[in-house]
Amino acid sequence: KEHKRVLAPYISAGIVTLSPAIENQVDDHARIVEHSQILIFAHAVQTYGGECDWMAFIDLDEFLYAQGPIAIHYKFDGTGPAVIVDATLPLPPSSEIIEEPTLPDVLAAFREFGGVVVHWVLYGSAGHEKMPAGLIIENFLMRAADPDTLFKVVAQPSRIARVNNHNHEFIPGFFAVDEANTLVHHNTSQKHSPSANILRINHYRFKAHNHWRGNLKRRMARALFVDEDAYAANKTDQGELDRLKRYEQFLEEQEASSNARHDDSALRFLPCMRRGFASRTPPPSADEL
């Protein structure tokens, strides 16, 4: 398997732990009772939750990071929990300015909660028809004008009662909050006043045109047809075909709107990533992405 070859050096170095896939849970009529993603997340919390303070449930095309500058205020002269305050206002005593914060810097300010909301920032193709050589964060620098309303939650696993795709149910007394420390209910994965000033997930959903279009066709072919030629010939029922075409149109529109603004803020991680790749294995080729 190609993914095992790519991951092998990182597994050996103790950076990556690869677990077996878990299939959808279905009933006697082959209807999905519990999606595999939920089961995988639950397995991660049960198996590894005791080894970490925070856990992020993100995909391979998502890049989570903190950005600054931020001002950390240590309550009660350092004896209480840290909180993030507006760095543009006069700062109270016992405050610290951090120009390029790390994830631990930011998450420390949310440790009294169950988790913190992190919104997607959708990135588009940046005009690439084919996948270029190099890393995703250096080749795709065009994004949507504003953060997406959809979010994920970086959570403290010891406070999760039940995992979900984007948000989670927490044990009594705990909940997720946004960057402004405002409560976000567990039964939603959208917030219609999104912000990504402190934490963000760059979602490289599309990459090059031939990449996302090819992936969509292959997914349709596997789900509905015997082979990809059948998809090209439109050999399916008209109702399902119409639904798939509407979905394709939605993706076209979303990809176009994800090229509205140049944003290279993730490039500050490029030297570190290159050093990491060089010390273990060459970065994956365009064909492997």
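For beta carbons closer than 6 Å, sequence separation of 6+ or different chains, a first residue in segment 118-145 that is among the β-branched types (Val, Ile, Thr) and a second that is assigned to a loop (DSSP other than H, G, I, E, B), the qualifying pairs are Val121/Pro147; Val121/Ala196; Ile136/Tyr204. With respect to (1) at pLDDT below 90; (2) open to solvent by 40 Å² or more (accessible area, probe 1.4 Å), the lone exception for Pro104 is condition (1). Does Ile70 fit the bill of being aliphatic (A, V, I, L, M), open to solvent by 40 Å² or more (accessible area, probe 1.4 Å) and either in contact with a helix residue (DSSP H, G or I) (Cβ under 8 Å, 6 or more places away or on another chain) or in contact (Cβ under 8 Å) with a residue 12 or more places away in the chain (or both)? Here the answer is no, as Ile70 does not meet what is asked. Apart from one condition, Ile98 fits all of (1) open to solvent by 30 Å² or more (accessible area, probe 1.4 Å); (2) modelled with pLDDT under 90; the exception is (1). Selection of segment 1-17 for residues being closer than 25 Å to Val163 by Cα and either of a type in the set (S, T, N, Q) or open to solvent by less than 80 Å² (accessible area, probe 1.4 Å) (or both) yields Val16, Thr17. Taken over segment 133-145, the residue count meeting the criterion of being at pLDDT 95 or above and assigned to a loop (DSSP other than H, G, I, E, B) is 4. Residues that are hydrophobic (A, V, I, L, M, F, W, C) and out of contact with any helix residue (DSSP H, G or I) (no Cβ under 9 Å at 6 or more places or on another chain) within segment 254-272 comprise Ala256, Ala260, Cys272, listed in sequence order.
Conditions tested, residue by residue: (1) under 30 Å from Phe110 (Cβ atoms); (2) in a loop (DSSP other than H, G, I, E, B).
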position	(1), (2)
Ala8	no, no
Thr17	yes, yes
Ile22	yes, yes
Val33	no, no
Val45	yes, no
Asp53	yes, yes
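The residue that is surrounded by the most Cβ atoms within 10 Å (Cβ to Cβ), among those in segment 155-199 that are touching a Gly at 6+ places or on another chain (Cβ under 6 Å) and in a strand (DSSP E or B), is Ala176.
Counting only helices (runs of 4 or more DSSP H) wholly contained in segment 201-274, the ones carrying 2 or more residues that are modelled with pLDDT of 75 or more and surrounded by 12 or more Cβ atoms within 10 Å (Cβ to Cβ) occupy 209-224, 238-257.
Asp53 meets each of the listed conditions (1) touching a residue at least 60 places away in the same chain (Cβ under 8 Å); (2) acidic (Asp, Glu); (3) farther than 21 Å from Leu103 by Cα apart from (3). Across segment 121-154, the qualifying residues are those that are among the polar types (S, T, N, Q) and closer than 19 Å to Asn215 by Cβ, and the one among them that is most open to solvent (accessible area, probe 1.4 Å) is Asn139. Based on this model, can you work out whether Asp86 counts as closer than 21 Å to Asn197 by Cα, of a type outside the set (A, V, I, L, M, F, W, C) and either surrounded by 15 or more Cβ atoms within 10 Å (Cβ to Cβ) or touching a Cys at 6+ places or on another chain (Cβ under 9 Å) (or both)? Considered against the rule, which asks whether it is closer than 21 Å to Asn197 by Cα, of a type outside the set (A, V, I, L, M, F, W, C) and either surrounded by 15 or more Cβ atoms within 10 Å (Cβ to Cβ) or touching a Cys at 6+ places or on another chain (Cβ under 9 Å) (or both), Asp86 comes out as no. Given (1) farther than 22 Å from Asp146 by Cα; (2) at pLDDT 90 or above; (3) among the small types (Gly, Ala, Ser), where does Ala30 come up short, assuming only one miss? Failed condition: (2).
The values are calculated or read from the model by the stated rules, or taken from the named source; none is laboratory data. Note that the coordinates shown come from a computational prediction; the quantities given were computed from them, not determined experimentally. Using ideal geometry, Cβ is built from the backbone for each residue, glycine included, and neighbour counts are taken over all protein chains shown. Note: areas computed on protein heavy atoms with side chains; ligands, DNA, RNA excluded. Shrake-Rupley method; radii C 1.70, N 1.55, O 1.52, S 1.80 Å.
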